[in-house]
1. Could you pull the accessible area for R11 with a 1.4 Å probe, rounded to 10 Å²?
2. Distances over 43 Å make up what percent of all Cα-Cα pairs in the chain?
3. Size of the range 288-427 along its principal axes in angstrom, Cα-based, largest extent first?
4. Using heavy-atom solvent-accessible surface (probe 1.4 Å) with all chains present, what is the largest-first order of E352, E174?
5. Go ahead and estimate [θ] at 222 nm for the chain from helices alone: -39,500 (n - 2.57) per DSSP H run with n ≥ 4, summed, over the residue count, rounded to 500.
6. Note the full-extension length gain between E300 and E103 as 0.36 nm times their separation in residues minus their Cα-Cα distance, in nm to one decimal.
7. Under a 1.4 Å probe, what is the accessible area of the chain per residue, stated in Å²?
8. Between V243 and E284, what is the FRET efficiency for a Förster distance of 35 Å, r being their Cβ-Cβ separation, to the nearest 0.05?
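The values are calculated or read from the model by the stated rules, or taken from the named source; none is laboratory data. This is a predicted model, so every value here is computed, not measured. Reconstructed Cβ throughout: ideal geometry from the backbone, glycine too, with neighbour counts over all protein chains shown. Just the protein is used for accessible areas: all its heavy atoms, side chains included, with ligands, DNA and RNA removed. Shrake-Rupley method; radii C 1.70, N 1.55, O 1.52, S 1.80 Å.
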Amino acid sequence: MVFADRDDAGRRLAARLEHLRGEPIVVLGLPRGGVPVAFQVARALGAPLDVIVVRKLGVPFRPEPGMGAAGEDGGRVINPEIADLAGVSQNVLAAVQAREQAEVDTRAGWYRPVRPREPLDGRMAVVAGDGIATGSTARAACQIARAAGAARVVLAVPVAPPGWQARIGADADELACAGTPRGFRAIGQSCARFPPVSDDEVIACLERAAVPPSPAPAGTARAAAAADDPPGREQEVRPEAGVVRLAGYLTVPEDGPGIVVFAHGSGSSRHSPRNRYVAGVLNEAGLGTLLVDLLTPEEEADRANVFDIGLLAGRLAEVTRWLRAQPRAARAAVGYFGASTGAAAALRAAAEPGAGIAAVVSRGGRPDLARPRLAAVTAPTLLIVGGRDEVVLDLNRRAQAELRCENGLAVVPGATHLFEEPGTLDTAAGLARDWFLSHLTP
């Protein structure tokens with residue numbers, strides 16, 4: 001399983017915790033990297049967000065074994081058996097605790113200039129991190145949460161190595177994980193974008209979580225729907241396309257002016273970390289997204305279907321009709337985002353009479369595969385190509401010459417076909433966002 005970023009990981013982890021909705025829970029993020037994950041979990045479950053600042057009390061000269069943990073307000077957990085086995089004296093233990101407690105207090109001071117801790121007495125603590133490596137810090141956090149009065153402790157992470165449950169043992173009452181990939185080496189390998197998280201970002205997450213959403217007017221259908229279906233939350237959907245049902249993820253922000261339907265390239269799917277990252281950028285800008293597989297798993301097994309642009313374009317048109325029939329999307333303008341061969345399907349579908357597509361963006365696409373229909377495209381079209389993707393760049397230049405609609409060609413310096421180079425996917429996502437905002441908004 002690959003996530004676009006920590007936000008994506010948090011949203012998908014939240015789906016594993018839906019059974020906790022309505023329980024008296026507090027979501028506790030492990031600074032720093034776990035806090036963006038915890039923010040998404042708290043938002044999805046409608047729960048308060050806090051951080052749990054802990055430091056493991058490592059055995060001197062062998063810091064991996066933990067003699068216990070130190071937490072805020074002097075909270076501590078000591079494992080005397082490990083201390084005794086390591087031959088650690090009470091004086092040394094006290095010195096280790098004092099050093100780590102000072103670090104806890106310093107970090108807590110950064111995160112809590114005004115806002116006090118969320119009380120845990122009698123409540124369920126959901127400790128959320130961005131993944132498990134050794135598990136020692138997560139175990140320490142669970143121990144401190146229980147010592148702070150939590151009636152039940154849940155440890156939730158997006159990714160962990162196989163067999164990770166044994167590392168946690170009885171320190172948590174419940175464990176939740178979105179993926180345990182084989183060959184696990186590092187947490188960051190499961191995210192397409194995994195930059196360091198700063199203290200300022202931690203504080204920003206806490207401040208955003210502290211601001212309650214504006215309530216919808218009481219007594220209205222919109223208010224009732226919002227209670228059960230929070231705006232902007234990603235939902236798994238099964239769009240109808242003729243005799244088959246497809247699989248997709250639909251996100252519709254409240255009052256969003258437009259929805260972008262993603263057409264993936266050959267060998268890709270709705271799980272594509274690159275497209276999910278772009279979708280996240282669009283969501284942050286207030287646009288809805290629908291990431292959908294245009295073929296069933298059985299159909300994908302026949303590689304000829306993957307390159308059948310007519311079939312893919314037809315499916316895209318049927319998915320668009322399904323989308324427009326959904327109450328939450330009925331009034332939204334529709335755009336297409338296509339990657340690789342998906343770009344050809346998007347352009348061909350947009351060229352159909354009455355398609356009513358407001359804008360098209362192609363990232364590393366093959367618009368040349370839609371050449372017979374390019375002149376019929378009326379939707380404003382932006383072609384984004386990597387500067388080092390020379391063959392595809394040439395194909396895009398030739399295809400652009402055949403477009404009769406408003407169009408543009410954006411070349412991202414240093415990018416190859418998959419936009420894997422640092423910063424290149426960010427640039428492409430920003431270009432797509434700006435194009436859609438300028439053409440999908442009134």
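1. R11 exposes around 70 Å² with every protein chain in place.
2. That fraction is 23 percent.
3. Here the spans come out as 42, 36, 30 Å, largest first.
4. If we order E352, E174 from most to least accessible, we get E352, E174.
5. -11000 deg cm²/dmol
6. Residue separation times 0.36 nm, minus the Cα-Cα distance, leaves 65.6 nm.
7. 45 Å²
8. In this case the efficiency is close to 0.45.
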